[in-house]
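The values are calculated or read from the model by the stated rules, or taken from the named source; none is laboratory data. Here the structure is a predicted model, which means the values were calculated and not measured. Cβ atoms come from the backbone with ideal geometry, glycine included; neighbour counts cover every protein chain shown.
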Amino acid sequence: MNTQENDYIQTLKTKIWTTRGARFNAYRRLSRRSRITTYLISIYSAYVLIASSFEEQLSIYFPEAPSTLKIVLFSSSLIILLLSVIESSSRYEIAAYNLHENAKKLSPLIEKLDQLATSQTSTNTLESATSISEEYTDIINSCPENHSSVDYEKFKIDHPELSPHKNRLLTLAHYYFSSIIFLLTIFTPLILILSLK
C-alpha cells in the first residue's frame with residue numbers, strides 16, 4: 001500500500017469516526033431533551049393540580065396577591081399545553097433513535113478500514129476504500145435525521161486530538177442549553193410563589 005492510499009484510508013476513517021461520534025452525541029442530546037421535557041410537563045402539571053386544590057388555603061397565606069396566583073396557575077397551564085404540543089410535533093425520541101441506529105451501522109465500516117489498512121496482500125486497496133466510502137454515503141443518506149453542528153463540536157471537545165477547540169465553554173453551553181433552561185424552568189413557579197410572601 002502506498003502513502004496516498006494510506007492517507008485516503010486514514011482520512012475516510014476519521015470522517016466516518018467523527019460522523020458516528022456526532023450522531024451518538026445527537027442521540028444523547030435529543031434523548032436528554034425528550035426526558036427533561038417529559039419531567040417538566042409532569043412537574044408543571046403537579047404544580048397546577050396542587051395549587052388549584054389549595055387555592056383557597058393559599059389565598060390565606062397570600063391575601064395581597066390572589067390575582068397573581070391565578071396568573072401563575074394560568075401561565076403554568078399554558079406552558080404545559082405549549083410544551084406538550086411542541087414535544088409531540090418535534091419527535092425528539094424518534095430522531096434520537098434513528099441517529100443512534102445510523103451511528104451503529106457506521107461501526108463496521110471503521111473495522112473494515114482498519115483491516116484494509118493492516119492488510120499486506122490487498123492489491124485493490126483504493127477500490128476497496130472507495131467502496132467503503134460509497135457504503136458510508138448510503139448509510140448516511142438512509143437516515144431521515146441529521147446531527148447538528150453542535151454535536152460535531154462536542155465530539156471535537158471530547159477528542160482534542162482532532163483539532164484545537166477555541167470555544168469550549170460556548171459549545172458546551174450550546175450543547176446543554178435546553179437541559180439548563182428546562183431545569184431552571186422547573187423551579188420558576190416555586191420562586192414566584194415564594195416571592196409573593
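For (1) at pLDDT below 95; (2) more than 19 Å from Tyr8 (Cβ to Cβ), each residue gets a yes or a no:
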residue	(1), (2)
Leu78	yes, yes
Glu93	yes, yes
Lys105	no, yes
Glu127	yes, no
Thr130	yes, no
Thr137	no, no
Ile140	no, no
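Each row is one residue, and each column tells you yes or no for (1) among the hydroxyl-bearing types (Ser, Thr, Tyr); (2) over 28 Å from Asn98 (Cβ atoms); (3) under 23 Å from the mean Cα position of the chain (by Cα); (4) buried (at least 18 other Cβ atoms within 10 Å of the Cβ).
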residue: Thr118; (1), (2), (3), (4): yes, yes, no, no
residue: Leu126; (1), (2), (3), (4): no, yes, no, no
residue: Thr130; (1), (2), (3), (4): yes, no, no, no
residue: Glu135; (1), (2), (3), (4): no, no, no, no
residue: Asn141; (1), (2), (3), (4): no, no, yes, no
residue: Pro144; (1), (2), (3), (4): no, no, yes, no
residue: Ser148; (1), (2), (3), (4): yes, no, yes, no
residue: Asp151; (1), (2), (3), (4): no, no, yes, yes
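Applying a threshold of 6 Å to beta carbon distances and a minimum spacing of six or more residues, or different chains, the list of pairs starting in the range 132-157 at a residue that is more than 21 Å from Glu111 (Cβ to Cβ) and ending at one that is part of a loop (DSSP other than H, G, I, E, B) and modelled with pLDDT under 95 reads Lys156/Leu162; Lys156/His165; Ile157/His165. Pairing each residue of the range 95-114 that is in contact (Cβ under 8 Å) with a residue 12 or more places away in the chain and closer than 23 Å to Arg33 by Cβ with any residue that is of a type in the set (Gly, Ala, Ser) and surrounded by 21 or more Cβ atoms within 10 Å (Cβ to Cβ), provided the two are 6+ apart or on different chains, yields C-beta distances under 6 Å for Leu99/Ala26.
Residue count for the range 20-57 under the criterion of being more than 15 Å from Ala95 (Cβ to Cβ) and free of Cβ contacts under 8 Å to residues at least 12 places away in the same chain: the result is 8. Contact map, the range 77-93: first residue more than 19 Å from Val48 (Cβ to Cβ), second residue at pLDDT below 85 and assigned to a helix (DSSP H, G or I), Cβ cut-off under 8 Å, separation 6 or more or different chains; pairs are Tyr92/Thr37. Taking each residue of the range 167-191 that is surrounded by fewer than 15 Cβ atoms within 10 Å (Cβ to Cβ) and looking for partners that are outside any helix (DSSP H, G or I) and of a type in the set (Val, Ile, Thr) with beta-carbon atoms closer than 8 Å, six or more apart or interchain, yields nothing. Would you say Ser128 is in a helix (DSSP H, G or I) and without any contact (Cβ under 8 Å) to a residue 12 or more places away in the chain? No; evaluated as a whole, the condition is false for this residue.
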